1. FRET efficiency for Lys471 and Thr309, Cβ-Cβ distance as r, R0 = 30 Å, nearest 0.05?
2. Roughly how many whole Å is it from the C-alpha centroid of the range 114-179 to that of the range 224-247?
3. Whole angstrom only: what separates the Cα centroid of the range 270-318 from the Cα centroid of the range 397-474?
4. Sorted by mean Cβ packing within 10 Å, highest first, what order do the peptides 8-17, 325-334 take?
5. Go through 53-63, 228-238 and give me the packing order, highest mean Cβ count within 10 Å leading.
6. Over the range 8-163, what percent of the accessible surface lies on carbon and sulfur atoms, probe 1.4 Å?
7. Given a 1.4 angstrom probe, what's the average accessible area per residue across the range 81-163, in square angstrom?
8. Would you kindly derive the ³J(HN,Hα) couplings of the range 63-73 from the backbone phi angles with the Karplus curve 6.51 cos²θ - 1.76 cosθ + 1.60 (θ = phi - 60°), listing them in order in whole Hz, with x for Gly and Pro?
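The values are calculated or read from the model by the stated rules, or taken from the named source; none is laboratory data. The structure presented is a predicted model; accordingly, all values stated were derived computationally and were not measured. Glycine also receives a Cβ, built like all others from the backbone with ideal geometry; neighbour counts cover every protein chain displayed. Only protein heavy atoms, including side chains, enter the accessible area calculation; ligands, DNA and RNA are left aside. Shrake-Rupley method; radii C 1.70, N 1.55, O 1.52, S 1.80 Å.
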Amino acid sequence: MTRSLNPLADGFDQARAVADAVLFEGYVLYPYRASAAKNRVRWQFGVLVPPAWAGTGGEHDVQRTECLLEPREGDRLHAELRFLRVRRRTVERLADDGTFTEVSELELPDRVLVPWDEGTEERVLIHAPLAELTEDQAHARAVTFDLPSATSHESVTDEEGRTVGRLVRRGSRVKGDLRPQVEELPGPYGAVRLSVTVRNITPVASTADTGREAALPHSMVGTHLLLGVPGGRFLSMTDPPEWARPAVDASHNDGTWPVLAGPPGGDDIVLSSPIILEDHPALADESPGPLYDATEIDEILSLRTAALTEREKREARGTDARAAEVVDLVDSMPEAIRERLHGAIRGLRDVTGDDDVADSPAAGLSLPDGSGHPWWDPAQDPEADRTPVTVVIDGETVGAGSRVLLTPGARRSDAQDAFLFGRHATVETVVNDLDGETHLAVVVDDDPGTDVRRDQGRFLYFKPDEVAPLKEAP
């Protein structure tokens, strides 16, 4: 068996995969187009602005991490600072006289290019002996980085290979520093407090334009840290041992929160994130790839993205390369992967004691009573024989193919009902739930995602007293 030369390499790789979800959290939101209103206010997490803008718009120029460490056999700190640097992208069209003119969009057969703020990943590394990070020596181990401003050009060609325009990317100067420090804690446990301060020290003069948009090109976005001490043991800041609780309570974390990372059971790696996570966070096995919009769940995002028009998909592809990846991922997603997005139930492990069952997709789980009937699978549930094919509502027989008026009542708590009240829908089938209640599975008639919902069997469900039959033809 080949052994890694860096004992932290595998753990850092796993932590970095989770950190990527943090780094690109909210990077581009559904519907993945620059023209969408919610993509006009971006970079919500871990933003460190230059000192001239600190305190404006709720942003800060300093991020501080404090965590507890038992060095044991560990004698060296490995730290990795990661953040995104904003690059302003503009679009120019090539004129007949050979000059370039800035335009609001450049339409191509496969994409529509528009101005956009791109994010490029930056890393700053520190490898330092712990003995050199004490208070009187820490200043010597501080790392200062200075990323200069730069401009680049990328030619844009049509399907025949002719140049029709170009993309111009402008990056502004970003300067910062990273300061680790170790402080011994009193007591017999030999623990220390490890603190790492990250600052944006870009020397940008205050101008009349003090808005957030002016600060972003000089900012560090999605800022987070990976910390590792081979041979050492980090203590959980979320669930520490009793003797360490006073030290945890006295710790001070600004704009970030450290959690144990890497494989479960490991304690030599910490991820300090601007989004609060649990210890040993991991990506779900069902997730097919990054969707960059964790305000939704993968299933909803995939179905909505699949329902975009071809024009909308072209706009998304032209907005950003990562948005194009999402569109292509959903368009090429196999049916088996799409089905897995419906979710998984892992909480039954304590009830069943069966790891295989506990990690199965929700549609294939056995009931805790051992009956063996999968959840929501009428084909294997004897009770399903009692489900009626039609129901009578206001003297009218309603079944598959019937058109109804949605009239959900106040007794329902779903906020979506406010938008569905009064809409016309088509009944797909009549079903019974596990409690024997009868429901109508429907699709809304003017929903652009109706075909996708039918293909996936994802319907809206209403009780018979929440709809009214429609007598007119479709």
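1. Working: r = 33 Å, r/R0 = 1.09.
According to the calculation, E is roughly 0.40.
2. Computed from Cα coordinates, the inter-centre distance equals 30 Å.
3. After rounding, the separation between the Cα centres reads 28 Å.
4. Values: 8-17: 17.5, 325-334: 15.8.
Output ranking for 8-17, 325-334: 8-17, 325-334.
5. On the way: 53-63: 16.6, 228-238: 20.0.
The packing order, highest mean first, is 228-238, 53-63.
6. Values: 3550 of 7500 Å².
Carbon-and-sulfur percentage of accessible area, whole number: 47.
7. Details: 4660 Å² over 83 residues.
On a per-residue basis, 56 Å².
8. For the range 63-73, the Karplus-derived couplings read 10, 10, 10, 10, 9, 9, 9, 9, x, 6, 8 Hz, x marking Gly and Pro.
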